[in-house]
1. Would you mind finding the one in 307, 293 that is surrounded by fewer than 19 Cβ atoms within 10 Å (Cβ to Cβ) and at pLDDT below 85?
2. Looking at the structure I just gave you, is residue 231 more than 23 Å from residue 76 (Cα to Cα), modelled with pLDDT of 90 or more and touching a strand residue (DSSP E or B) at 6+ places or on another chain (Cβ under 9 Å)?
3. What are the residues in region 256-289 that are in contact with a helix residue (DSSP H, G or I) (Cβ under 8 Å, 6 or more places away or on another chain) and either in a helix (DSSP H, G or I) or at pLDDT 90 or above (or both), if any?
4. Only one of (1) in contact (Cβ under 8 Å) with a residue 60 or more places away in the chain; (2) surrounded by 14 or more Cβ atoms within 10 Å (Cβ to Cβ) fails for residue 139. Which number is that?
5. So which of 157, 126, 164 is over 12 Å from the mean Cα position of the chain (by Cα) and either under 20 Å from residue 213 (Cα atoms) or in contact (Cβ under 8 Å) with a residue 40 or more places away in the chain (or both)?
6. Filter region 236-247 down to the residues that are crowded, with 16+ Cβ neighbours inside 10 Å and either assigned by TED's automatic domain parsing to the domain that holds residue 158 or free of Cβ contacts under 8 Å to residues at least 40 places away in the same chain (or both) and list them by number.
7. Here's a check for you: in region 1-43, which residue that is modelled with pLDDT of 80 or more and not in a helix (DSSP H, G or I) is nearest to residue 198 (Cα to Cα)?
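The values are calculated or read from the model by the stated rules, or taken from the named source; none is laboratory data. Everything numeric in this text was worked out from a predicted model, so none of it was measured. Every residue, glycine as well, gets a Cβ built from its backbone with ideal geometry; the counts of neighbours run over all protein chains shown.
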């Protein structure tokens, strides 16, 4: 996924949420609806989320230095984790608190038509934001299902925005049901229940995003498809007889590290080893362009009990 696609989705979501947050707070002030207050906090939290994602993308572009020799690509994971845990949880916990308070002291709405109007407008704007995120995510999603894309995506911005917008639409639906039922019945309990539903939704989304971004922070390897492509590229030439072992790690959403130990003929001279390593690296980069940091370790592998051709000695233990 290119960062430009993610940024388009983030900016669309930020623009929608800032306008929506203001109108929700105005509707809450005049109507007294706790659902509108919870939704206002939700939109405000979402706006903070998008600002953090943009900041993370900016920080990730900093050049590598002595303290961070592999660059700052993982800054995007850190900021996505902050979004998923802190802001979503704060919004969720606040909504739960507000819902409980409203249950204790329910009251009818003062201007019931105003929050309904604001929610209808918000549903339209959030739908536009979600449509933008879906359009930007489709090239990276490919043939994967949406849940699989959210689980496997290495760039955190689009999955975060997709879940944010989906949660926002569902939260607006909860608020609309609560407000309309309170308007019809005059019973503020329905507004409180809508607020509690919004809080539970935000906490659930926080948990899902936290699990996914934690996995990226800990360190994920390449996908099975990329691993297969890199294996084929390493062996697609006369330089390596076999792969002894290979490990991969995402340094950031757009940068992959590959470390591979390859078996080469026992009497290969050093100059030929250097040329062989260059050839292997070129093929790997052509097959998987994001494999930018590559370490190839040449070795001689022979089964235990056989004669090592480089020393004419019997091998007690194979190369590891």
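1. From the options 307, 293, the qualifying one is 307.
2. Yes.
3. Within region 256-289, 256, 258, 260, 262, 280, 283, 284, 286, 287, 288 meet the criteria.
4. Of the numbered conditions (1) in contact (Cβ under 8 Å) with a residue 60 or more places away in the chain; (2) surrounded by 14 or more Cβ atoms within 10 Å (Cβ to Cβ), the odd one out for residue 139 is (2).
5. So the residue among 157, 126, 164 that is over 12 Å from the mean Cα position of the chain (by Cα) and either under 20 Å from residue 213 (Cα atoms) or in contact (Cβ under 8 Å) with a residue 40 or more places away in the chain (or both) is 126.
6. Of everything in region 236-247, just one residue is crowded, with 16+ Cβ neighbours inside 10 Å and either assigned by TED's automatic domain parsing to the domain that holds residue 158 or free of Cβ contacts under 8 Å to residues at least 40 places away in the same chain (or both), namely 246.
7. 33
This table checks each residue for (1) in a loop (DSSP other than H, G, I, E, B); (2) buried (at least 21 other Cβ atoms within 10 Å of the Cβ).
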| position | (1), (2) |
| --- | --- |
| 83 | no, yes |
| 97 | no, no |
| 107 | yes, no |
| 114 | no, no |
| 123 | no, no |
| 126 | no, yes |
| 134 | no, no |
| 147 | no, no |
| 173 | no, no |
